[in-house]
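> Got a structure here, written out as structure tokens. Questions coming.
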Amino acid sequence: MNALQERLEALFSIGTEISSTLQLDEVLNRVTAQACRLMEARVASLLLIDAERGTLRPAATHGASDAYLALPDREVDSSLISQVITSGRPLHIPDVRQETRYRVSDVARQEGLCTLVSIPLRTKTTIIGVLNVYTGEPRCFDDDDLRLLTLLASQSAIAIENARLHRDEMETRERLRQSEKLAALGTLSAGLAHELRNPLNTVSLLTYAMGQDLAADSAFAADVKIVQTELARMSLLIEQFLEFARPRPPHFQRERIEEVMEETLLLIGPEARTRGIRVVKDWARQLPAVWADGTQIKQVFLNLLLNAMQAMDHGGTLTVRIAVSGGSLLTAIMDEGTGVSPEVRAKLFEPFFSTRQGGTGLGLSISQRIVESHNGRLRLSSQPGAGTAVIVRLPL
Ligand SMILES: Nc1ncnc2c1ncn2[C@@H]1O[C@H](COP(=O)(O)OP(=O)(O)OP(=O)(O)O)[C@@H](O)[C@H]1O
Ligand SMILES: [Mg+2]
């Protein structure tokens with residue numbers, strides 16, 4: 001058996017070994033270890049393309065020290081290795097210590113690296129990275145070496161792709177399992193909330209009657225008041241939760257949005273006055289009607305106006321603007337409140353996220369869902385300290 005045949009056999013068993021696992025890390029480690037063995041090299045490393053960041057990320061190395069491992073990700077565009085990716089052809093550098101285009105020649109010197117061969121990792125459709133092989137002494141890689149390495153690289157690329165597909169499938173399965181669990185939990189808790197409604201109503205009615213019967217100076221009068229307030233809070237929480245867990249499809253009618261807004265502003269009027277908030281209405285008389293569920297849109301406006309007022313601790317102006325823009329009717333609710341920090345911004349629309357004491361954190365997620373069921377959009381823009389604007393866009 002000649003030397004090439006021997007190496008081909010070695011390659012065959014290496015290929016089998018690499019693809020005998022679907023664990024991505026394990027595949028990557030095996031590729032670099034076997035590349036070193038096959039080429040009797042000092043170091044082998046795998047750099048994979050991170051498409052989102054536009055970098056080449058060291059994914060595994062064999063034979064390298066910590067200094068080499070600590071090298072940062074390389075920009076795909078500017079690195080010498082990028083030639084391998086763009087041309088799809090191997091790169092052969094006889095001595096990296098002498099090569100001016102090789103940027104980390106000091107690390108190469110420390111590691112005792114000399115000749116580099118870099119081979120593209122090619123799958124059926126694309127190049128996913130490179131396999132680098134370094135020797136410790138000058139070596140002239142001949143055509144057979146390059147062919148062998150190219151075969152190893154293509155086997156490796158397939159094994160990496162399979163392992164990635166396997167990982168993605170596992171992640172998808174896990175996500176599905178989680179969301180099924182959440183859905184089951186949702187149904188269960190919606191059922192529970194529904195069941196709690198009746199006893200809560202009974203208790204509320206009885207406490208109301210008790211309150212009526214008690215003399216105003218009774219020792220229990222204040223306690224009963226507190227019980228009533230807390231019961232009202234529980235009812236609200238349950239109603240909000242049910243609204244969230246079992247949304248009703250909208251009942252569409254021609255609605256004049258400015259009239260819905262007027263009705264909602266009447267509701268918040270007393271609260272606005274107590275808080276020293278001035279409400280400015282800014283809309284034209286002749287606005288087109290939209291197809292909408294008036295009750296649901298009123299709920300959206302109420303949530304947004306309450307949020308705006310709750311953000312204005314020291315009073316101020318609350319401006320409501322309604323206008324036609326690009327085939328939609330825009331309603332903007334602008335406050336002069338605390339604004340929203342970037343951390344809060346990221347979580348605003350998550351159900352049950354609230355920074356307010358006593359807040360259920362459902363207001364915005366319910367509102368967003370209602371607006372989306374109207375084929376509309378709800379957008380919030382804010383600068384901490386400079387107030388917040390929430391814009392509801394409904395199609396005309
Ligand atoms: N106009 C606003 N200005 C500043 N922060 C806001 C504004 N609107 C919403 N937020 C922030 O978003 C969070 C979530 O709002 P959301 O309406 O969903 O819940 P909540 O108001 O806390 O409770 P509730 O369910 O009773 O409405 C609030 O706790 C608040 O931190
Ligand atoms: Mg709210």
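> Of everything in region 358-381, what is more than 9 Å from ligand 1 (Cβ to nearest atom), assigned to a loop (DSSP other than H, G, I, E, B) and surrounded by fewer than 20 Cβ atoms within 10 Å (Cβ to Cβ)? Give them in sequence order.
ASN375 - this is the single residue of region 358-381 that is more than 9 Å from ligand 1 (Cβ to nearest atom), assigned to a loop (DSSP other than H, G, I, E, B) and surrounded by fewer than 20 Cβ atoms within 10 Å (Cβ to Cβ).
> Another question, if that's okay. For region 382-396, which positions are exposed (fewer than 15 other Cβ atoms within 10 Å of the Cβ) and in contact with a strand residue (DSSP E or B) (Cβ under 8 Å, 6 or more places away or on another chain)?
The answer is PRO395, LEU396.
> Can you tell me which residue is nearest to LEU242 (Cα to Cα) among those in region 340-352 that are within 7 Å of ligand 1 (Cβ to nearest atom) and touching a residue at least 12 places away in the same chain (Cβ under 8 Å)?
Initially, region 340-352 is screened for residues within 7 Å of ligand 1 (Cβ to nearest atom), giving 340, 344, 348.
From what is left, the residues that are touching a residue at least 12 places away in the same chain (Cβ under 8 Å) are 340, 348.
Values: VAL340: 27, LEU348: 20 Å.
Within region 340-352, the match that is nearest to LEU242 (Cα to Cα) is LEU348.
> Please verify whether region 310-327 includes one or more residues that are in a helix (DSSP H, G or I) and surrounded by 12 or more Cβ atoms within 10 Å (Cβ to Cβ). Outline the logic, then answer.
Taking region 310-327 as the starting set, the residues that turn out to be in a helix (DSSP H, G or I) are 310-311.
If we keep only those that are surrounded by 12 or more Cβ atoms within 10 Å (Cβ to Cβ) too, we end up with 310-311.
Within region 310-327, one or more residues are in a helix (DSSP H, G or I) and surrounded by 12 or more Cβ atoms within 10 Å (Cβ to Cβ).
> So GLU174 fits all but one of (1) under 24 Å from GLU26 (Cβ atoms); (2) touching a residue at least 24 places away in the same chain (Cβ under 8 Å); what number is the exception?
Here GLU174 clears every test but (2).
> While we're looking at this one, here's another question. For region 284-309, which positions are surrounded by fewer than 17 Cβ atoms within 10 Å (Cβ to Cβ) and of a type in the set (Phe, Trp, Tyr)?
Across region 284-309, the qualifying residue is only TRP291.
> Looking at GLY337, GLY326, which one is touching a residue at least 24 places away in the same chain (Cβ under 8 Å) and either in contact with a strand residue (DSSP E or B) (Cβ under 7 Å, 6 or more places away or on another chain) or more than 15 Å from ligand 2 (Cβ to nearest atom) (or both)? Please lay out each step first, then the result.
Working: GLY326 fails: touching a residue at least 24 places away in the same chain (Cβ under 8 Å).
Going through GLY337, GLY326 in turn, the sole match is GLY337.
> Whether any residue in region 125-141 is assigned to a helix (DSSP H, G or I), on the phi < 0 side of the Ramachandran plot and assigned by TED's automatic domain parsing to the domain that holds ARG57 is what I want to check.
No, every residue in region 125-141 fails to be assigned to a helix (DSSP H, G or I), on the phi < 0 side of the Ramachandran plot and assigned by TED's automatic domain parsing to the domain that holds ARG57.
> Between a residue in region 236-259 that is within 15 Å of VAL371 (Cβ to Cβ) and any residue that is acidic (Asp, Glu), which pairs come within a Cβ distance under 7 Å, given they are 6 or more apart or on different chains?
PRO250/ASP293; PHE252/ASP293
> Same structure, new question: Scan region 9-24 and give yes if some residue there is surrounded by 16 or more Cβ atoms within 10 Å (Cβ to Cβ) and polar (S, T, N, Q), otherwise no.
Yes - at least one qualifying residue is present in region 9-24.
> When residues of region 301-323 are filtered for being in contact with a Gly (Cβ under 8 Å, 6 or more places away or on another chain), small (Gly, Ala, Ser) and more than 14 Å from ligand 2 (Cβ to nearest atom), how many remain?
Going through region 301-323 one residue at a time, the tally reaches 2.
> VAL260 is checked against (1) within 13 Å of ligand 1 (Cβ to nearest atom); (2) of a type outside the set (D, E, K, R); (3) modelled with pLDDT of 95 or more and fails just one. What number does that condition carry?
Evaluating VAL260 over (1) within 13 Å of ligand 1 (Cβ to nearest atom); (2) of a type outside the set (D, E, K, R); (3) modelled with pLDDT of 95 or more leaves (1) as the failure.
> Does GLU75 qualify as being over 21 Å from ILE49 (Cα atoms) and touching a helix residue (DSSP H, G or I) at 6+ places or on another chain (Cβ under 9 Å)?
Here the answer is no, as GLU75 does not meet what is asked.
> Hey, ALA284 hits all of (1) on the phi > 0 side of the Ramachandran plot; (2) free of Cβ contacts under 8 Å to residues at least 60 places away in the same chain; (3) away from ligand 2 (no atom under 13 Å from the Cβ); (4) of a type outside the set (Phe, Trp, Tyr) but one; which does it fall short on?
All conditions pass for ALA284, except number (1).
> Here are LEU176, LEU182, LEU206, LEU148: which of them is part of a helix (DSSP H, G or I), buried (at least 16 other Cβ atoms within 10 Å of the Cβ) and of a type outside the set (D, E, K, R)?
Just a single option satisfies the conditions, and that option is LEU148.
> Does region 223-281 hold any residues that are among the basic types (Lys, Arg), touching a Gly at 6+ places or on another chain (Cβ under 8 Å), more than 18 Å from GLY359 (Cβ to Cβ) and assigned to a helix (DSSP H, G or I), and which are they?
Going residue by residue through region 223-281, those that are among the basic types (Lys, Arg) are 225, 233, 246, 248, 254, 256, 273, 275, 278, 281.
Cutting the leftovers down to touching a Gly at 6+ places or on another chain (Cβ under 8 Å) gives us 225, 233, 275, 278.
Within this subset, residues satisfying the condition of being more than 18 Å from GLY359 (Cβ to Cβ) are 225, 278.
Correct list: LYS225 only.
The values are calculated or read from the model by the stated rules, or taken from the named source; none is laboratory data. Everything numeric here is computed off the predicted structure, so don't read it as measured data. Virtual Cβ from ideal backbone geometry, glycine too; neighbours counted across all protein chains shown.
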